[in-house]
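What follows draws every value from the coordinates through simple rules; no lab data is involved. Keep in mind that this is a model prediction, so the values were computed, not measured. All Cβ positions, glycine included, derive from the backbone under ideal geometry; neighbour counts span all protein chains shown.
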């Protein structure tokens, strides 16, 4: 099990695709415990399927321009390559357990009968993101599969691989049974917006410590400035520059707790040239100044 307290440490490539290896080639599945108290899981995507359940507090999970608030015990399914992010719903302590696994763990070889189930699920436009609620009877078996998969994977007792694959296979079967009851299509405009947002995220990641403007982001996505703001906000719910500031502040919070660098050095390393502006934005996001934030973290550690 991996516990991730500061999610800006998530390693991504230049296209905001997560580079973290989930599990191993022999057993491509991993479980995580994400503490969202100090910051959200930023927008990203990966070829693996992801399952999550809230074990403390409430969280907002957003994927492919959809979002929902999950309470304690609720969960969700996030399909392969869906752009997604997660954050605390109310700024209060929030912990999520997630299981990330490659389709081949359940599907096997592409020519196998099992792969046909995975292929249909992965490419179903209405199942890119599936919220699961404890208030819906039909969701309870799926939530149970997620919880048990996470438990067996984190405990790693003898033979746990069979138990994990069994639960994930059952969950895939249950999701496939829903395919006949839902319909949807991916329009050309939706796909184009997704590609534009990926290009914007690509540029932001590559130039986070430099000056970033709407003009530069629009050029990266080959759209007008107004279209840049529209498509980015339509998918993420925030403007590009607000998202840039959020990433910079999360990075600053990480450096404050993991290095001995001076605050002015941290601010500049995160793309803030004006320290008064940095301190003001940091207080808005975290409720305290950078200095108080660092001291509070050290006191908790001690």
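Counting every other Cβ atom within 10 Å of each residue's Cβ, 143, 171 order from fewest to most as 143, 171. Label-to-label distance, residue 289 versus residue 158, with points set 7 angstrom from Cα along the beta-carbon direction: 5.9 nm. Helix 290-301 axis versus longest C-alpha principal axis of the chain: approximately 50°, rounded to the nearest ten.
Computed from Cα positions, the angle between helix 225-236 and the longest principal axis of the chain comes to roughly 50 degrees.
Here residue 280 and residue 114 are evaluated by their C-beta separation; at R0 = 51 Å the FRET efficiency comes out at 0.40. Remark: the residue 25-residue 222 segment gains 67.2 nm on full extension, using 0.36 nm per residue and subtracting the alpha carbon distance. Ordered by the number of other Cβ atoms lying within 10 Å of each residue's own Cβ, fewest first, 223, 197 fall into the sequence 223, 197. From the list (1) 27, 24, 18; (2) 34, 24, 17; (3) 38, 21, 16, can you say which value of semi-axes √(5λ) of the Cα gyration tensor in Å was derived from the structure given? Read-out from the structure maps to (2).
Helix 113-122 and the longest principal axis of the C-alpha atoms of the chain enclose an angle of approximately 40°. Each residue, residue 208 and residue 268, gets one label point 7 Å from its Cα in the Cβ direction; the gap between the two is 2.0 nm. Among 292, 100, 54, sorting on how many other beta-carbon atoms sit within 10 Å of each Cβ, with the fewest leading, yields 292, 100, 54. With an 8 Å cut-off on Cα pairs and a minimum separation of 6 or more residues, tell me the relative contact order of the chain in percent. Value for the chain: 15 percent.
Computed from the C-beta positions of residue 233 and residue 123, the FRET efficiency with R₀ = 25 Å rounds to 0.40.
Could you give the distance between the Cα centres of segment 253-268 and segment 79-148, to the whole Å? If we compute the Cα centre of each part, the gap is 36 Å.
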